[in-house]
Every structure is written in C-alpha cells, then in structure tokens.
Amino acid sequence: MRVEVVGHSDGFWNSYYGAKVLRVDRTKLRVRYEELVDEDYGEYTVEDIDLKHIRPYPPESFDINYRLTVGDDVDVYDRDGWWRGEVVFDELDDELMVYFSYMVGDDTEEFGTIPYDVVRIHQEVKQVGKGFAWSHVKIAGSK
C-alpha cells in the first residue's frame, strides 16, 4: 500500500513523503520511503512510523481544470518530498510565488518562485466509512 508520511520532526514540519507499507503493527507501520535514501547504505530509508503520522497517498489530480490562484494551499515537490505552502502571486507565465511558513520547524519563513510542474493542490483527508474523502484547502481570508 502506498502512503504519505507526514513530517513530524524538526526540519520536516509541513512536509509529506511518499512511502510503501512493509509491515503493520498495532500502533505503527514499517515503511520504505520512495525517495529518501539512507546515505550510509545507499538504499531507500526504512522506518517505523506512528499511525498518527501516516495518511493515504492523495489522488494524483484533484481537478485537472482547476487553476491555482492566490490563497490556494499547495504542496511543492522539493528535497525528495512535498512541502506545504500558500500561493501568494499567480500572474507569472509558468510559475507561482509560494510562501512557506515553518518550513524547517524553527519559525523560518520563505518565499519561492515555483514552476507549475512541481506544484500540486494541497488536500486534506477524512475517513468516511471504510473509505476516504479528500478536500481542497483554501486559506482563510484569501480572495
């Protein structure tokens, strides 16, 4: 099963990393990351993760016709994972200006000009019965 590990330690706040489930225990999953490589062994990192830091892998496309606009909550692919940010300017040809808060877990704020091809709409998930429902997030107070 493919999942995302939600960043939960310093340097990884507001990040999401794709992983494959290797084993299920009562409160943890053993996962192998899709992109993170253990530098000592040259293999994909394997880790035991608390269930509260795991979510299903989001759908590839929320709505292919949706145009990202100022105030949209997005994920930007960088450093082998997805980093959550907010679109703050959308009038560039092939790029968006994205604001990242708490990107490294120590109140750091960053802005970046990001090409569309590494941006996805941020989605939140809720369990509904035996399945999941995904929803797009719009930042409060935005246009």
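Remark: spin-label model distance residue 77-residue 136 equals 2.0 nm, labels positioned 7 Å along the Cα→Cβ axis. Rounded to the nearest 20, the size of the Cβ-charge dipole of the chain about its Cα centre is 1160 debye, with Lys and Arg at +1 and Asp and Glu at -1. With loop membership from DSSP and a limit of 16 other Cβ atoms within 10 Å, the longest segment of the chain without chymotrypsin sites (Phe, Trp or Tyr not before Pro) is 103-143. With springs only between Cα atoms under 10 Å apart, run a GNM on the chain and tell me which of 84, 32, 67 wobbles the most. The residue that fluctuates most here is 67.
Go through (i) 0.98; (ii) 1.47; (iii) 1.08 and flag the label whose value is the computed Rg/Rh (Cα atoms, Kirkwood Rh) for this structure. The calculated read-out lines up with (i). Here the 3J(HN,Hα) profile of the range 34-51, calculated from phi with Karplus coefficients 6.51, -1.76 and 1.60 at θ = phi - 60°, is 7, 10, 6, 10, 6, 5, 6, 10, x, 10, 4, 5, 10, 8, 8, 10, 4, 4 Hz, Gly and Pro shown as x.
Say a site is exposed when it is one of the GluC sites (Glu not before Pro), sits in a DSSP loop, and has at most 14 other Cβ atoms within 10 Å; what is then the longest site-free stretch of the chain?
Working: sites that count: 39, 60, 91.
Between exposed loop sites, the widest span is 92-143.
No lab work stands behind these numbers, since they all come straight from the coordinates. What you see is a predicted model; the values in this text were computed from it and never measured. Backbone-built Cβ (ideal geometry, glycine too); neighbour counts: all protein chains shown.
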